[in-house]
Structure formats: C-alpha cells, structure tokens
Amino acid sequence: EVGHKEDSKLQLFDFATVSKATNHFSFDNKLGEGGFGLVYKGILQEGQEIAVKRLSKDSGQGLDELKNEVIYIAKLQHRNLVRLLGCCIHGEEKMLIYEYMSNKSLDSFIFDKTQSMELDWNKRFLIINGIARGLLYLHQDSRLRIIHRDLKAGNILLDEEMAPKISDFGMARSFGGNETEANTKRVVGTYGYMSPEYAIDGLYSTKSDVFSFGVLVLEIVSGKRNRGFSHPDHSLNLLGHAWTLYMEGRSMELIDSSVGDMHDLSQVLCSINVGLLCVQCSPDDRPSMSSVVLMLSSDSSLPQ
Ligand code: ACK
C-alpha cells in the first residue's frame, strides 16, 4: 500500500499517443482547468483511462508548478495520493499523465445539493479518513516531509469507489532536518483554506496544512463552502458559524442531512470535533496529522 517509487521510473509518453488518446484534445474530452492548464480525459489504445494535464503555452509560472509536481509526486506512492503515470515533453508541449479518477473532485460532490445527497455519513467519514491518511503520509515520511500548501475540495479526487486521493502538488514544499516551518513572500494557495499565519505572515508548516484539512472536514460535514477565516458575514464564515454552534451545544445544526443512527451520530460528532481542533488560530494548538488519524480511527468500524 505504501512505498517509494524509486524503482519504477515514470513512463515517457509520445505526443501522438496522448493526442490520439484525448481525441486531439477535443472540447468533449475536457475535464476542467487545473493549476497550470487544461485537463483532458483520455483512453489509451490498451483501454486504460487517463487524465492529461496540459501546460498552457504562455504560462511561465505553470512550468515551475509542473516541474514541482513531477519532483514531488513521482516519489510518492500511497492509496490516498493520485498516481502520476508519466509525462510527455514534445517541443513546446508539456503534459503530465495521471490515473483517471472517475468521480472527479470532491468539490462538486459536497457543494452540489443533488450530488451531496449521494454521500451518506459513512462515505463522508471514509473520505475524511482517507484524506487524513494521505496527508499524514506526506508530513511524516522521513525522506520527504512534504507540506502540500493547497489542500482544498477541488484538489481531492475520488475514484470509482469514492476513495479520496490528494492531487495537485504544484505548490508543495519539502522541509528537511529539524526545520518545521518556513516563510515565503509569495503567498499562494486558496483563500478560505489558508491558515491565518500563512495568509498574513507567509508562514507555513505542516500545521498550515492541518488548518486546511480542518476547513475541508467542516465543509464535508456541512456542505457549505468556507469563504474566509474572518468574513464579517456569518453565513459565509463557516468556521465562525461552526464555533458558535459548538459553544452553544448545537453542533448538529451544522450538518446538511439527517443522521440515520447512533453510529452516524458518533462519526459526525467526531468529525466536527476534529475539524474544530484543526482550525484553531494558533498553529501550536492544532493537532498533528498523526493525532488526527488516531482520533478518527478510534471508531472501530474503520479498516486499520
Ligand atoms: O471536479 P473536476 O471535474 O475534477 O474538475 C477538475 C479538473 O480536472 C481540473 O483539475 C479534473 N481532474 C483533474 N485530475 C483528474 C484525474 N486524474 N481524473 C479525473 N479528473 C481529474 C478535476
């Protein structure tokens, strides 16, 4: 399940193969727009489905992100991280080829009312757990120690069994030795998921990923998007709303569909508690991902 891909080299795809697989990058095969370009669905001759990220020609910044993605993701292998199969470099053309994730991103599932109805609490809890385990792997692996820096619903892809996989490592950074935090002048990421210390001071650490994870958990539970950590309009400030309900002992009013039984109830309450712990203002107060995984797996119904 977990291991390094040091032995398995990335596959080099030739342009003709990728072009044919995506029906010449036709509009019909477009999946959406990612960090550094358009994403297309493709089917290789042997029937394997792929997703192709094609760098926009005019994107200098995108090239850095693409390189970053290759550097990090090629070294990683975990069931909760999207798998990079290979790349295609052909003159100006630069593309990355991934395994295809048939249920697309979590974004459409949780914020689309009709789709979110399909997500019962057990599935949501499994998704939360999977993301936590993927993130723990990134943070903990002694050789890599990676901070993702852009964890959000749009970067969580779902496979045919609705298992979550973290994607988009364009902004990831690794930290070595005893270093635990770093500073940047160029704050990148997505507003609403950014921790206060990162958004304000450019300070990032594994704890800024933990904050984003907490936002994601509260979004999965509530079906509402967080617009910012200090938005004056309460209905847009999911975190403030969640805290208020919690303090008043009304946490269950946060959820967007009813719970079926006691088991659902305990999973929902566990998720809300974990979410709120992770979005605390001070990075030191937030749990590490290993504590989060422990808290979530105290529910015995989960596969260990
Ligand atoms: O929510 P979506 O349809 O799922 O919109 C985004 C879009 O491309 C831009 O990132 C989709 N996408 C990205 N990578 C993959 C993949 N490996 N398999 C399927 N869809 C993908 C994503």
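FYI, it's all coordinate maths here, none of it is from the lab. In this text the structure is predicted, and so the values were computed from the model without any measurement. Note that we place each Cβ from the backbone using ideal geometry, even for glycine, and neighbour counts take in every protein chain shown.
Axis of helix 238-247 versus longest Cα principal axis of the chain: the two differ by about 30°, to the nearest ten degrees. The residues Phe15, Phe213, when put in order of fewest to most other Cβ atoms within 10 Å, stand as Phe15, Phe213. Going by neighbour counts of Cβ atoms within 10 Å, the residues Thr180, Thr114 line up, fewest first, as Thr114, Thr180.
Axis of helix 206-222 versus longest Cα principal axis of the chain: the two differ by about 70°, to the nearest ten degrees. Taking other C-beta atoms within 10 Å as the exposure proxy, Phe211, Phe109, Phe175 rank Phe175, Phe109, Phe211 from fewest upward. Over the range 1-142, what is the relative contact order in percent, taking alpha-carbon pairs closer than 8 angstrom and at least six residues apart? Relative CO of the range 1-142 lands at 23 percent.
Cβ-Cβ distance of Trp243 and Glu161, R₀ of 51 Å, FRET efficiency by 1/(1 + (r/R0)^6): the value works out to about 0.90.
Here the range 56-97 is treated with +1 on each Lys and Arg Cβ and -1 on each Asp and Glu Cβ, and its dipole about the Cα centre works out to around 320 debye.
If you wrap a convex hull around the C-alpha atoms of the chain and split its volume per residue, what is the figure in Å³? Write down the numbers at each step before the final one.
Values: hull volume 44.8 nm³, N = 304.
Dividing the Cα hull volume of the chain by its residue count gives 147 Å³.
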